[in-house]
1. What pairs come up if the first residue lies in the range 31-52 and is at negative phi, the second is surrounded by fewer than 12 Cβ atoms within 10 Å (Cβ to Cβ), and their beta carbons are under 6 Å apart, counting only those six or more places apart or on different chains?
2. Go through the range 1-33 and give me each residue that's part of a loop (DSSP other than H, G, I, E, B), closer than 24 Å to VAL166 by Cβ and either hydrophobic (A, V, I, L, M, F, W, C) or touching a Leu at 6+ places or on another chain (Cβ under 9 Å) (or both).
3. Sort out which residues of the range 22-33 are within 20 Å of LEU68 (Cβ to Cβ), more than 8 Å from the ligand (Cβ to nearest atom) and touching a helix residue (DSSP H, G or I) at 6+ places or on another chain (Cβ under 9 Å), and write them in order of number.
4. List the strands (runs of 3 or more DSSP E) that sit entirely inside the range 41-132 and contain at least 2 residues that are of a type in the set (Gly, Ala, Ser) and crowded, with 19+ Cβ neighbours inside 10 Å.
5. Which of the helices (runs of 4 or more DSSP H) found entirely inside the range 215-286 contain at least 2 residues meeting this: at pLDDT 90 or above?
6. Looking at LYS105, LYS47, which is the one that is at pLDDT 95 or above, among the charged types (D, E, K, R) and over 16 Å from the mean Cα position of the chain (by Cα)?
7. Is there a residue in the range 109-119 that is within 14 Å of the ligand (Cβ to nearest atom) and either more than 16 Å from the chain's Cα centre (by Cα) or basic (Lys, Arg) (or both)?
8. Among the residues of the range 134-154, which ones are more than 14 Å from the ligand (Cβ to nearest atom) and part of a helix (DSSP H, G or I)?
Amino acid sequence: MRYEGSVFRPPSEAYSLIIQATIGCSHNKCTFCSMYKDKKFRIRDIKEIEEDLEMARNYYSHVKRIFLADGNALVLKTENLEKILLKIKELFPECERVGIYSAPKDILRKSVEELKHLKKLGLGIAYLGVESGSDEILEHIQKGVTSEEIIQAGKRIVSSGINLSVTLISGLGGKEKWLKHAKESARIINEINPHYLGLLTLLIQPGTKIYDEVKNGEFKLLTPKEVVLETKELIENLNVENCIFRSNHASNYVALAGTLPNDKKHLLKQLSSMLEYPYGMKDEMLRRL
Ligand code: SF4
């Protein structure tokens, strides 16, 4: 396999074979994201992707999962995704799931029938960065889509039978809009009802627009305590069915995991006790409380 630049994948794809179907991100404008800043977006030639799969077959004796990177790999035409999935079936009959990063506009360019077809060929999970449910915040972070477009895209994936894993980012509304961020994010998640919901915490990376906004005082970061309050507000407002919730990424102050709605009370109790006795929060963060 040949890799170009830094390669990113969701935590749940840690043991997957990663194949770059695209290089970089077709959007590449989100103000908080530094992942693909060094890459000029392009879709790889289908032949190159097939060659990478062949190389991987010669190298690995058992491949359980394959993840198609980079950002927005679902941007590929359905016929090309079909070719890749068929090649995977031919070379890796043992592969149980193929995952992909997807963006709302790319999802909406495909019909439910096309997505169902891709599901039949092995596409098992799509990852979608929702970030926030607030249109004001989505505009501020230059996500390039509205909450309505995200809802329609998320619902389309769910109705195709492909598992949907979405992420939100705590703190993305800053001090000014944290409540709106929590409530509106709960609203969008309730509408989509994804299979998995991951909550990350905003990390400020040099070289991003949001880094400059923090430096010049335009954007005020939440304290860890405020992040916990925001998470509590989000979970209180979530009304989903059978959704696996995780907030245990390295960026999170408090590690949370459960299935909603069954574990809602337990998660809220954990957050309340964090606010009273924040022993579970990382030491360095506690000093900032
Ligand atoms: S957050 Fe996702 S869509 Fe936005 S620039 Fe980064 S990779 Fe692209």
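The values are calculated or read from the model by the stated rules, or taken from the named source; none is laboratory data. Since this is a predicted model, take the numbers as computed values, not measurements. FYI the Cβ positions are ideal-geometry reconstructions off the backbone, even for glycines, and counts take in every protein chain you see.
1. Once the first residue is at negative phi and sits in the range 31-52, its partners that are surrounded by fewer than 12 Cβ atoms within 10 Å (Cβ to Cβ) give SER34/GLY207.
2. Residues satisfying the conditions are VAL7, PHE8, ALA14, ALA21, CYS25, CYS30, PHE32, CYS33.
3. Result: THR22, single match.
4. The qualifying strands (runs of 3 or more DSSP E) are 97-102, 123-131.
5. 224-237, 264-276
6. On inspection, the qualifying residue turns out to be LYS47.
7. Taking every residue of the range 109-119 in turn, none turns out to be within 14 Å of the ligand (Cβ to nearest atom) and either more than 16 Å from the chain's Cα centre (by Cα) or basic (Lys, Arg) (or both).
8. ASP135, GLU136, SER147, GLU148, ILE151, GLN152, GLY154
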